[in-house]
1. Once the stretch 82-180 is represented by equal point scatterers at the alpha-carbon sites, with solvent omitted, what log10 I(q)/I(0) does the Debye formula produce at q = 0.15 Å⁻¹?
2. List the pairs from Lys51/Lys171; Lys31/Lys155; Lys92/Lys140; Lys117/Lys149; Lys51/Lys142; Lys15/Lys90 whose alpha-carbon separation is above 27 Å, in the order I gave them.
3. Would you please put 34-40, 165-171 in order of how densely packed they are, using the mean number of other Cβ atoms within 10 angstrom per residue and starting with the highest?
4. Hey, of (i) 49, 42, 24; (ii) 46, 35, 27; (iii) 56, 36, 28, which did the structure itself give for Cα extents along the principal axes in Å when calculated?
5. Using only the alpha-carbon atoms of the stretch 9-107, report the extent along each of the three principal axes, biggest first, to the nearest angstrom.
6. With θ taken as phi - 60° and the coefficients 6.51, -1.76 and 1.60, list the Karplus ³J(HN,Hα) couplings across the stretch 161-173 in order, rounded to whole Hz; mark glycine and proline as x.
7. Along Cα→Cβ, 7 Å out, is where each label goes; now give me the distance between the ones at Arg79 and Gln138 in nm to one decimal.
8. How far, in degrees from 0 to 90, does helix 130-139 lean away from the longest principal axis of the Cα atoms of the chain, to the nearest 10?
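Values quoted throughout were computed directly from the atomic coordinates according to the rules given, and no laboratory measurement underlies them. Note that this is a predicted model, so its numbers are computed, not measured. Cβ placement follows ideal geometry from the backbone for every residue including glycine, while neighbour counts extend to all protein chains displayed.
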Amino acid sequence: MIFWFDTETTGLDPKIHGLTELAVLIEDNGKIIDQVHYSIVPSEGVVVDPKALEIQGKSLDDLRIGMPEKLVLDDLKTRLRYHIDPYNPKQKFVQAGYNVGFDDSFLREFFIRNNDKYYGSWFFNARIDVLSLVAMCQSKRKFTVADFKLSTMCKHFYIPLDAHHAMDDIKATRELYSRLIQVFKNGKM
């Protein structure tokens, strides 16, 4: 099963910044079987970079609307447990996203900050990073783009995107993945 996910954060350092949004699509055999979007109230002590909020179009007041971190984690684990057995090492999710290492680092710290050290029970180490597919296409001259931003790639492939909103970002990322797979299969755009 694939765990497509995107985060919006209070900054760039997962050790001091936290999540403001988490969007998840769970895919099994090419079909979305579950999806959830959380607006998250960061825990006390999480640093908020005003630039991060500006990019997301949020204010400090917006961070007070949503679910507390602990409730989000509990709900997320309940959803995940519905699809896999975290005690079975063969039943884990493959993470997928755009520059997914960034999101993974924040989600991992989210678990730790909320006293859960079993992050690895849910996810394989291998990931699907759509950004890497973009880089492969660029290196093989399948197409040329000015930069590797998700918004640039979506524009290139005519995929609608309301950037920096976690659910829209992850849905666009999944669509971009499908289009890039077709580029590889067909050998051209």
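1. Taken in order of the listed q values, log10 I(q)/I(0) reads -0.69.
2. Lys92/Lys140; Lys117/Lys149; Lys51/Lys142; Lys15/Lys90
3. Order by mean packing, descending: 165-171, 34-40.
4. Among (i) 49, 42, 24; (ii) 46, 35, 27; (iii) 56, 36, 28, the one derived from this structure is (i).
5. Reported extents, whole Å, longest axis first: 41, 26, 24.
6. Once rounded to whole Hz, the list reads 8, 9, 4, 6, 10, 3, 5, 5, 4, 6, 5, 5, 4.
7. 3.1
8. 30
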